[in-house]
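Asks: Below you will find the structure I want to go over with you.
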Amino acid sequence: MIKAQNLKFRYRGAHENALNGVSLTVKTGECVALVGKNGSGKSTLGRILAGLTRFRVGEVTVDGHKPSNQPIGIVFQNPENQIIFSDIRDELSFALQTLSPSEIDSRIDNALRQVDMLEFKKRNLYELSLGQKQRIMIAEALAINAKYLILDEPTTMIDSAGKDKIHTIIRNLKNQGCTILLLTNAADEILLADRTLVLESGRIIAEIPRSRLLDQADFLRQHGLVLPTILQIAEALQKSNIDLELKDFTIAELSHTLINKIHHD
């Protein structure tokens, strides 16, 4: 479990805090989306929770320990800023040097398999597309057996096909029990999460369970988040007095629910 209490943080030379008393809990096995406008403090919070940025006020624990002592993987929006080596094996093995060669190979193969990139194992990393590079960055986090994964706007720079791949990976990892904190402003990505936290001016101002996203559509819109297409459709139907109870928020579920409602009526 990741737990933060009363986190406050100000960058050197800044006149205002980037974080103003943030408290949150991410339970083991959860996928939590953290949304907010640019400058709201999302990336700062992600780096603190990952143990990359020091802070003076507040407390952060991961399974009761300091973040720096726990296997936390963090992936940023631009994969090219994280690449160290052109060779994929060298990149993924960088943090595994204390292991035997056979264990390193096993970890790398398993991580690449989880992101559907095993066939690219011997490719030059710089020759891959941005979406493929991002999948390698996720694999790098998985290779260290990260129990917790922080994804900081992981699809911002990627085309639609690449985004779908990343979304599938997030769903699969969640189903495997990985705990994920997804920092995002991409509309469809809040549907991947169990809960959505809204961050504004360095404060968490709302917590919305997935089941209540439609009820909070106006609130999300007021705070700068574009609604996922499926929620826009459901909202329009609701305004036409067609009430729907959606659980999975997929087009398939919406179609099935509408057909059943028509037949019932």
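Asks: I'm checking my understanding of the structure. Among residues of the range 174-214 that are open to solvent by less than 10 Å² (accessible area, probe 1.4 Å) and not hydrophobic (A, V, I, L, M, F, W, C), which one is farthest from TYR148 (Cα to Cα)?
Replies: GLY202
Asks: If you don't mind, there's one more thing I want to ask. Scan the range 48-59 residue by residue and report those that are surrounded by fewer than 21 Cβ atoms within 10 Å (Cβ to Cβ) and modelled with pLDDT under 95.
Replies: Selection gives GLY51, LEU52, THR53, ARG54, PHE55, ARG56.
Asks: Applying the selection to the range 148-173, what residues are part of a loop (DSSP other than H, G, I, E, B) and open to solvent by 10 Å² or more (accessible area, probe 1.4 Å)?
Replies: Residues satisfying the conditions are GLU153, THR156, MET157, ILE158, ASP159.
Asks: While we're looking at this one, here's another question. Taking only the range 63-114 into account, find how many residues are open to solvent by 60 Å² or more (accessible area, probe 1.4 Å), of a type outside the set (Asp, Glu) and part of a helix (DSSP H, G or I).
Replies: So the count comes out to 9.
Asks: If you don't mind, another one. Have a look at ARG10, ARG47 and point out the one that is among the basic types (Lys, Arg) and either under 28 Å from SER211 (Cα atoms) or under 23 Å from the mean Cα position of the chain (by Cα) (or both).
Replies: Matching residue, one of ARG10, ARG47: ARG47.
Asks: Sticking with this one: Quick check on my filter: what residues within the range 200-238 are touching a residue at least 12 places away in the same chain (Cβ under 8 Å) and charged (D, E, K, R)?
Replies: Hits for the range 200-238 are GLU200, ARG203, GLU207, ARG210, GLU235.
Asks: Answer yes or no: is there a residue in the range 215-238 that is among the acidic types (Asp, Glu) and open to solvent by less than 40 Å² (accessible area, probe 1.4 Å).
Replies: Scanning the range 215-238, I find at least one residue that is among the acidic types (Asp, Glu) and open to solvent by less than 40 Å² (accessible area, probe 1.4 Å), so the answer is yes.
Asks: Ok, one more. Among the residues of the range 66-94, how many are basic (Lys, Arg) and more than 20 Å from GLY51 (Cβ to Cβ)?
Replies: Residues meeting the conditions: 1.
The values are calculated or read from the model by the stated rules, or taken from the named source; none is laboratory data. Note that the structure is a prediction, hence the values are computed from the model and not measured. Here the Cβ is made from the backbone with ideal geometry for all residues, glycine too, and neighbour counts use every protein chain on show. Accessible surface areas use protein heavy atoms only, side chains included; no ligands, DNA or RNA. Shrake-Rupley method; radii C 1.70, N 1.55, O 1.52, S 1.80 Å.
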